[in-house]
Amino acid sequence: MEKIYTDLTIIIPTLNEEESIPIILQKIDECVSKTNIIIADDGSTDKTKELVESFDGGINVLFLDRKKKKIHGLTISVLDAIKNCRTPMFLVMDGDLQHPPDKIVNFYDVLKKDFDLVGGRRIKVLGKWPLQRRLMSIIASLAGRTSLFIRRRNRVKDILSGFFASKTELWQKLLEEKEDEFTLEGYKVLFDFLKIYPSKLKINHVDYVFGIRDYGESKISGKVIWLYFKSLFKKA
Ligand SMILES: Nc1nc2c(ncn2[C@@H]2O[C@H](COP(=O)(O)OP(=O)(O)OP(=O)(O)O)[C@@H](O)[C@H]2O)c(=O)[nH]1
Ligand SMILES: [Mg+2]
């Protein structure tokens with residue numbers, strides 16, 4: 001059956017993803033006949049922009065060019081895209097193919113069943129993560145969960161996942177008042193949202209396998225990790 005998701009916007013933050021972006025757009029186009037995409041780009045210096053703008057398919061793709069913005073970062077790029085979102089639902093996924101596009105359908109189906117937030121849960125990580133990275137991920141997750149527990153906030157099973165879907169109005173309203181409480185230059189937009197959002201949310205999950213980065217380079221830096229740990233203690 002044709003999947004027509006005109007009420008959904010898929011948000012993909014990008015920074016120099018010329019190798020994977022045409023493949024991911026193609027794969028989404030194969031899974032969903034009609035939907036909306038916002039590529040929230042922070043001034044890629046490779047061919048990401050040209051490749052997005054020349055993409056020809058059934059899906060409606062908008063290139064949000066943040067090159068001239070004062071603040072850059074994954075979180076602020078996603079938030080800008082949410083502000084530009086004209087559909088009641090949105091989904092966020094990485095542009096490096098580590099989040100499987102065939103799961104979009106599962107997120108959509110669950111979110112439609114009157115949930116506020118659908119968190120992706122990594123049930124397996126492909127490839128060999130070095131011990132240091134695995135340890136860092138476990139510590140970051142435990143610390144984040146503790147921070148949410150102490151604050152009596154909503155929790156999802158994988159608070160650090162960048163693959164999630166939610167209702168646009170809920171985020172747009174929160175951003176009107178509390179955008180400055182997000183760590184704008186950071187990476188963990190879902191964690192920030194959970195930390196800041198004051199009321200009870202109806203939450204569900206979709207499991208997925210976190211793929212290997214076959215294309216381009218990881219953008220994770222010491223600064224991003226430091227910003228996350230600092231945000232655990234920041235008032236919200
Ligand atoms: N707009 C924007 N996108 C970014 C920024 N940093 C990373 N991204 C994009 O965000 C997504 C996730 O970044 P990655 O570097 O893959 O982070 P990760 O998946 O947690 O780390 P790896 O497993 O090492 O790849 C990718 O699509 C990146 O291109 C940024 O500062 N601005
Ligand atoms: Mg990645």
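Taken together, the values in this text are just the output of simple stated rules run on the coordinates, not laboratory data. In this text, all values refer to a predicted model and were calculated from it rather than measured experimentally. All Cβ positions, even for glycine, are placed from backbone atoms using ideal geometry, and neighbour counts span all protein chains on display.
Brief remarks on what is shown
- Within region 4-233, percent of DSSP bridges classed antiparallel, to nearest 5: 20
- Pairs exceeding 22 Å between alpha-carbon atoms, taken from K167/K200; K167/K223; K3/K113; K124/K223: K167/K223; K124/K223.
- Length-normalised contact order for region 4-233 - Cα pairs under 8 Å, 6+ apart - percent: 26
- All other residues whose Cβ lies under 12 angstrom from that of L15 are scored, Lys and Arg at +1 and Asp and Glu at -1, for a net of -4.
- Placing +1 on each Lys and Arg Cβ and -1 on each Asp and Glu Cβ, with no other charges, gives the chain a dipole about its Cα centre of roughly 1460 debye.
- Cα centre as origin, Lys/Arg/Asp/Glu Cβ charges: region 1-126 dipole, Debye: 480
- Mean ellipticity per residue at 222 nm, deg cm²/dmol - from DSSP H runs of n ≥ 4 across the chain, formula -39500 (n - 2.57): -11000 deg cm²/dmol
- Normalising the average separation of contacting C-alpha pairs (under 8 angstrom, six or more residues apart) by the number of residues puts the relative contact order of region 1-141 at 29 percent.
- Put simply, when 73-83, 50-60 are sorted by average Cβ atoms within 10 angstrom per residue, most first, you get 73-83, 50-60.
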